[in-house]
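The values are calculated or read from the model by the stated rules, or taken from the named source; none is laboratory data. Treat the numbers as computed from the prediction; the structure is a model and nothing was measured. Ideal geometry is used to build each Cβ from the backbone, glycine not excepted, and the neighbour counts take in all protein chains shown. In case anyone asks, the SASA skips ligands and DNA or RNA and just uses the protein heavy atoms, side chains included. Shrake-Rupley method; radii C 1.70, N 1.55, O 1.52, S 1.80 Å.
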Amino acid sequence: MLLIFEQFLNGLQIGLLLFLLAAGLTLVFGIMDMVNLAHGSLYMMGAYFAAVFTEWTGSFFLGAALALPAGALLGIAVEVIALRTLYTRDHLDQVLATFGLILFFNELARLMFGAGGMTIQTPDWLQGQIMVLPGLPYPSYRFLIILVGLLCAAFLYVLVQRTRLGMLIRAGASNREMVGALGVNIKQLFTLVFGLGSALAALAGLMAGPVTTVQIGMGDNILILALVVIVIGGIGSLPGAFIAALAIGIIDTMGRAFLPNILGSFLSPSEASTLATALSSMLIYILMAAVLVLRPAGLFPAPGR
Amino acid sequence: MSSASHSSAAPTADSTRLSFIVGLVLLGFLGLIPILSVAFEDPFLLTLFTRIVIMAIAAVSLNLILGYGGMVSFGHAAYIGVGGYTVGILAFHGVHAAWIQWPLAVLISGIVAALIGLLSLRTKGIFFIMITLALSQLVYYLGNGAFAYGGDDGLNIMKRSDFGGLLNLDNRPTFYYLCWVILLATVFFVHRTVNSRFGMVLQGAKSNDRRMATIGFPVHRYQLTAFVLAGMICGLAGVLTATFTGFISPAMMHWSRSGDLIVMVVLGGMGSLFGPVFGTVAFLLLEEVLSSWTEYWKIVFGPLLVLVVLFARGGIDGAMVRGQAGTLLAGCAAFFLLYGIHTAYEDEWLIPTLILVAACALVWVAKWAVDRKKAASHD
């Protein structure tokens, strides 16, 4: 029982990281009707920025505080230079151009930071464990990820539901032309939303950095997962992305944790773990295919789409 | 911008003939590669072009659904994997007869394509892109989980497919010519298909599927048929890949490989007969040359791709059809200029890169200025 709860926390942690990435993706997708494959690159660059700034300042939190605006600025630069012209194009063009950006950023990272990957050093007090429940120790850093993820989700909720900017974002997601016609500077709104999304991606990257290593292409696979999340949750829908991200994080973790045991009863350990990893990844894509076939607009589509 | 440039320059008979002739010449030239390889005593030339010809088959098959059918499949590399794995698994169990391996591989690719097509053709637009991506990921992880066949490490194929004395695939020129003939056959097949009634319906559905359905065509069935045909041809390309490299692994169906295939088709020109062949040759040669300059070649290639998408919608074929011989020549000239500069500076990657970036920036600024002027004249 405790093991299940611990794996549930792990799933929650991965799910929240996914949500941070998917939130920016779904906002950009919802408002600008733009597929941005390069979002995973912003995640990776965020992690690299954090690694470099942490090394430079000697403090994880200072590094993170510097990496966030750096990630947002990078995102805004990408939007202004390359993506702005793509809004009116079809999705194929967007996929292709942002695929080109992925190639570019992966090589840029290799050139700037080396091929070996980097680690982010967390402060000592985050390296221990805390008792989340009596008898259940849990690594404090992972717990911090859960806290930050939940805080960000709450922040996004308030931002989107309770502020003027959020009102514009919601309006933009349901009818872009009308918002423009009512005199909102839609171009500026796009850039702002893109910057916000990039900052969230950078945050996800720098939070994931100390757990995994910071390496080239770290954004590529998680990007595909984030795309799955926004398709399942409904494009442009933040609550949908939240629920789908948690579901996927938990399915993936539970699959990886418990399938080897189940399979292990009739397979050798190494075979079981190979198969279990593949199966739990497949489960996610089966879920997505099922959702697309049964509810093509996603589980919680944004109103007006 | 894209629609304007397409409509303003309707292809004339002569210019389409130009790209047709260039295409035939290119295919003919590909037929000379083994001879050139011997003449220049450069075995690597043959290796490189075997890869190019095989990928061209896959790209031509993708063009059938992407270019003519308007179905943006972001999972086409899955069939390369299915074809390759069928051959690899059969060889692993001691079945080497090509008469069994190859038809079976094509058949299974067709079945997988039918399953993926049945599910994904229920959706449209971006959802189609995403679901083809998801389903190909499913196939990818299936390969990863196939621990009996090496899991993510892949599997070596010890013995090449056996054509029973008819063809010896260990002979590299023989294998090359086999691939070349298959490429010719594929191009011819696609040519005949798109110009048949079936192809007309497919292209009609691309521009407006509702209209076609209203006229009374079972659009869905036509699209599914095309999807399966493309999958089968691509499966054959997978068979050739596995036979050529003697190795299969899930990496051959990674989603970025599907992206590469789309890039090849778009670079060459979607919905044109020879476009994918142009695109594959350009893509793989560019990869070869750029990576010989610098291991960071993608830092040049990535932005190049963005520029092609932004400014050269029709790809190489489109430039030919629109009579933009100047653009093409300028492109080639720039390429060789860079190559010259690079050889002059030996292993210095920075200078060509900087020049390319500067050139891109210049084009961008020029484009921006023109757009501004246009916008001003409209007001």
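Can you compute 3J(HN,Hα) from phi for each residue in segment B:198-208, using the Karplus curve 6.51 cos²θ - 1.76 cosθ + 1.60 with θ = phi - 60°, rounded to whole Hz and x for Gly and Pro?
In residue order, the calculated couplings are 4, x, 5, 4, 4, 6, x, 5, 5, 6, 7 Hz.
How high is the relative contact order of segment B:12-254, in percent, with contacts defined as C-alpha pairs under 8 Å that are six or more residues apart?
Value for segment B:12-254: 39 percent.
Of A:LEU238, A:LEU144, A:LEU92, which has the largest mean-square fluctuation in a 10 Å C-alpha GNM of chain A?
Checking each option, the largest mean-square fluctuation is seen for A:LEU92.
Can you give me the angle between helix A:186-208 and the longest principal axis of chain A, using Cα atoms only, in degrees from 0 to 90, rounded to the nearest 10?
Between the helix axis and the principal axis of chain A, the angle is about 10 degrees.
When chain A is treated as a GNM, springs tying every alpha-carbon pair under 10 Å, which of A:GLY15, A:GLY63, A:GLY116 comes out with the largest mean-square fluctuation?
Fluctuation is largest for A:GLY116.
Using only the Cα atoms, what convex hull volume per residue in Å³ does segment B:55-142 have?
Roughly 90 Å³ of hull volume per residue.
Using a/c under 1.5 as the rounded threshold, could you call segment A:181-305 rounded, prolate or oblate? The axes a ≥ b ≥ c are square roots of the C-alpha gyration tensor eigenvalues, and prolate needs a/b larger than b/c, oblate otherwise.
Oblate, because a/c is 1.5 or more while a/b does not exceed b/c.
On a full-extension model of 0.36 nm per residue, what is the gain between A:SER140 and A:ILE81, subtracting their alpha-carbon distance, rounded to one decimal in nm?
So the extension gain works out to 17.2 nm.
Can you give the angle from 0 to 90° between the axis of helix A:218-233 and the longest principal axis of chain A, with both taken from C-alpha atoms, to the nearest 10?
On a 0 to 90 degree scale, this one is about 70.
Ignoring ligands, DNA and RNA, how do A:ASP33, B:ASP317, B:ASP152 rank by accessible area with a 1.4 Å probe, largest first?
Putting A:ASP33, B:ASP317, B:ASP152 in descending order of accessible area: B:ASP152, A:ASP33, B:ASP317.
Subtracting the Cα-Cα distance from 0.36 nm times the residue separation, let me have the gained length for B:PHE188 to B:LEU118 in nm, one decimal.
That pair, B:PHE188 and B:LEU118, stretches by 22.5 nm at full extension.
Please work out the FRET efficiency for the pair B:VAL25 and B:TYR149, using the Cβ-Cβ distance as r and a Förster radius of 30 Å; give the result to the nearest 0.05.
For R0 = 30 Å, the calculated efficiency reads 0.10.
Please figure out what share of the DSSP beta bridges in the protein assembly as shown is antiparallel and state it in percent, rounded to the nearest 5.
Close to 90 percent.
Restricting to lysines 8 or more places apart or on different chains, can you count the pairs in the protein assembly as shown with Cα atoms under 22 Å from each other?
4
How large is the Rg to Rh ratio of segment A:66-207 when both quantities use alpha carbon positions and Rh follows Kirkwood?
Using only Cα positions, Rg/Rh for segment A:66-207 is 1.06.
For segment B:12-254, what does the alpha-carbon gyration tensor say about shape, rounded, prolate or oblate, given a ≥ b ≥ c as the root eigenvalues, a/c under 1.5 as rounded, and a/b over b/c as prolate?
It is oblate, given that a/c is not under 1.5 and a/b is not larger than b/c.
Can you send over the carbon and sulfur percentage of the accessible area for segment B:12-254, probe radius 1.4 Å, protein chains only?
Of all accessible area on segment B:12-254, carbon and sulfur atoms account for 68 percent.
Over 20 Å intervals from 0, what percent of Cα-Cα pairs in the protein assembly as shown sits in each interval?
17, 51, 29, 3, 0
Please report the relative contact order for chain A, taking Cα pairs under 8 Å with a sequence separation of at least 6, and give it as a percent rounded to a whole number.
Relative CO of chain A lands at 35 percent.
Compare each residue of segment B:288-309 in its chain alone against the assembly with all protein chains, and report those whose accessible area goes down by 10 Å² or more; 1.4 Å probe, heavy atoms.
B:GLU295, B:TYR296, B:LYS298, B:ILE299, B:PHE301, B:GLY302, B:PRO303, B:LEU305, B:VAL306, B:VAL309
Give me the accessible area per residue for segment A:199-305, probe 1.4 Å, as a whole number in Å².
Computed with neighbouring chains in place, this is 36 Å² per residue.
Does anyone have the angle between helix A:164-174 and the longest principal axis of chain A? Alpha-carbon axes, 0 to 90°, nearest 10?
90 degrees
Rounded to the nearest 500 deg cm²/dmol, what is the calculated helix-only ellipticity per residue at 222 nm for chain A, with -39500 (n - 2.57) per DSSP H run of length n ≥ 4?
Taking each H run of at least 4 residues, the total per residue is -25500 deg cm²/dmol.
With every protein chain in place, what's the accessible area of B:THR174 (1.4 Å probe, Å², nearest 10)?
40 Å²
Report the per residue volume, in Å³, of the convex hull enclosing the C-alpha atoms of chain A.
146 Å³
Roughly speaking, what is the stretch gain from A:LEU62 to A:GLN161, that is 0.36 nm per residue apart minus the C-alpha to C-alpha distance, in nm to one decimal?
Working it through step by step, the gained length comes to 32.6 nm.
Let me have the relative contact order for segment A:171-303, percent, based on Cα pairs under 8 Å that are six or more residues apart.
27 percent
Assign one of three labels to segment B:163-247, namely rounded, prolate or oblate, based on the Cα gyration tensor with a ≥ b ≥ c the square roots of its eigenvalues; rounded applies when a/c is under 1.5, prolate when it is not and a/b is larger than b/c, and oblate otherwise.
Because a/c hits 1.5 or more and a/b exceeds b/c, segment B:163-247 counts as prolate.
GluC sites (Glu not before Pro) within segment B:256-323: which are DSSP loop residues with at most 14 other Cβ atoms inside 10 Å?
In loop regions of segment B:256-323 (DSSP not H, G, I, E or B), the sparsely surrounded GluC sites (Glu not before Pro) are B:GLU295.
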